[in-house]
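Following: one structure in structure tokens, then a few remarks.
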Amino acid sequence: MAEVTYLTHKGILFNAIYHSVENFIFLENEFQLLDDDVVSVVYPKSGTHWMAEILSLIRHDGDPTWTNSVKLVDRVPWIETLEGMECALKYPPPRLMSTHLPFQLFPKSFLHSKAKIIYTARNPKDVLVSLYHFAKAMKGVKHPGSLEEFLETFLNGTVIFGSWFDHMKGWLEMRNRANFFFITYEELQKDLRSSVGRICRFLGKELNSQQIDSVVENASFQKMKGNKQSNGAQIPEMIMDHTKGKLMRKGICGDWKTHLTVAKSEHFDHVYQENMRGVKVTFPWD
Ligand code: PPS
């Protein structure tokens with residue numbers, strides 16, 4: 001059984017294998033976002049790899065050469081990891097970056113920059129199920145126990161990167177800024193083509209119809225699953241036991257229905273409503 005090594009920073013749990021408090025402090029206070037940066041912000045298991053692939057393909061006008069030959073973490077580094085931060089600091093601009101960080105730990109320099117943020121959210125019940133399966137394979141974190149037990153852990157926010165509700169509410173505060181774009185995993189699933197078009201408009205990137213088709217094709221679940229640069233196979237053994245889980249698991253909406261009983265789903269809804277009271281946004285899962 002691998003050792004469990006959490007660290008806590010400002011009340012939030014992180015995996016100590018690839019995070020450090022020093023890095024979090026540096027990121028929040030000293031890391032400089034540049035006006036031409038694009039940062040994909042995603043709570044874990046909500047479409048981080050998918051959005052990174054979409055942004056990589058858009059950056060290269062739909063040409064998959066880059067996505068097929070360079071590891072996803074090198075194309076779109078996670079700035080909060082030690083390795084990702086190093087990569088971001090060396091990245092020739094314009095940078096593409098990714099993060100799971102809650103707003104309060106994100107670089108403060110964002111508030112005075114034109115860096116573009118794309119926030120991708122997913123139905124939290126599907127996040128719960130995806131994270132539950134993934135947690136069984138992750139090293140450094142507690143075994144999630146039964147789904148019923150993990151449901152409580154998830155709802156009370158004692159998971160890595162903290163509470164889903166706090167993450168969502170914190171980032172939604174930014175939604176009226178011109179350099180902030182909000183999209184959901186469910187919208188990507190429902191109509192990837194038009195979602196790619198909307199992302200391009202936000203980025204000020206013009207792609208022709210064939211180029212958009214190529215983004216859609218190469219960012220599909222099947223294509224990504226077969227791409228060893230993007231499918232999680234590149235996640236180091238020290239972080240994940242690949243015999244115990246897969247990043248590209250099912251890639252569907254509503255898998256929670258096969259996992260949660262009616263009573264557990266109603267309990268989830270109750271906690272959701274309590275936590276999201278006052279949030280005046282309608283989501284696809286509402
Ligand atoms: S992580 O580890 O937090 O970065 O995981 P993340 O990438 O955010 O989320 C993993 C889930 O996203 C699904 N996924 C996709 N779904 C549809 N299409 C594409 N192309 C795609 N790529 C990744 C992946 O299967 C995980 O969801 P589940 O429900 O576990 O299958």
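Checked against (1) over 20 Å from the mean Cα position of the chain (by Cα); (2) assigned to a loop (DSSP other than H, G, I, E, B); (3) surrounded by 14 or more Cβ atoms within 10 Å (Cβ to Cβ); (4) more than 14 Å from the ligand (Cβ to nearest atom), L260 passes all but a single condition, namely (4). The condition of being more than 29 Å from E274 (Cα to Cα) and touching a residue at least 40 places away in the same chain (Cβ under 8 Å) holds for only one of V129, V73, that being V73. Being part of a helix (DSSP H, G or I), away from the ligand (no atom under 13 Å from the Cβ) and among the hydroxyl-bearing types (S, T, Y): is that true of S130 here? Spelling it out, it is not the case that S130 is part of a helix (DSSP H, G or I), away from the ligand (no atom under 13 Å from the Cβ) and among the hydroxyl-bearing types (S, T, Y).
In a residue-by-residue description of segment 81-97, the property of being within 12 Å of the ligand (Cβ to nearest atom) and either closer than 30 Å to K257 by Cα or among the polar types (S, T, N, Q) (or both) applies to at least one position.
Tell me, which residue of segment 25-44 that is assigned to a helix (DSSP H, G or I) and under 12 Å from L101 (Cα atoms) is farthest from the ligand (Cβ to nearest atom)? Selected residue: E28.
Among the listed residues N227, N231, which satisfies the condition of being within 15 Å of the ligand (Cβ to nearest atom) and within 17 Å of the chain's Cα centre (by Cα)?
Checking each option against the conditions leaves just N231.
Taken over segment 51-78, the criterion of being within 11 Å of the ligand (Cβ to nearest atom) and touching a strand residue (DSSP E or B) at 6+ places or on another chain (Cβ under 8 Å) is satisfied by M51, A52, V76, W78.
Quick note: the coordinates plus some simple rules give every number you see, no bench work behind them. All figures in this text were calculated on a predicted structure; none of them were measured in a lab. Backbone-built Cβ (ideal geometry, glycine too); neighbour counts: all protein chains shown.
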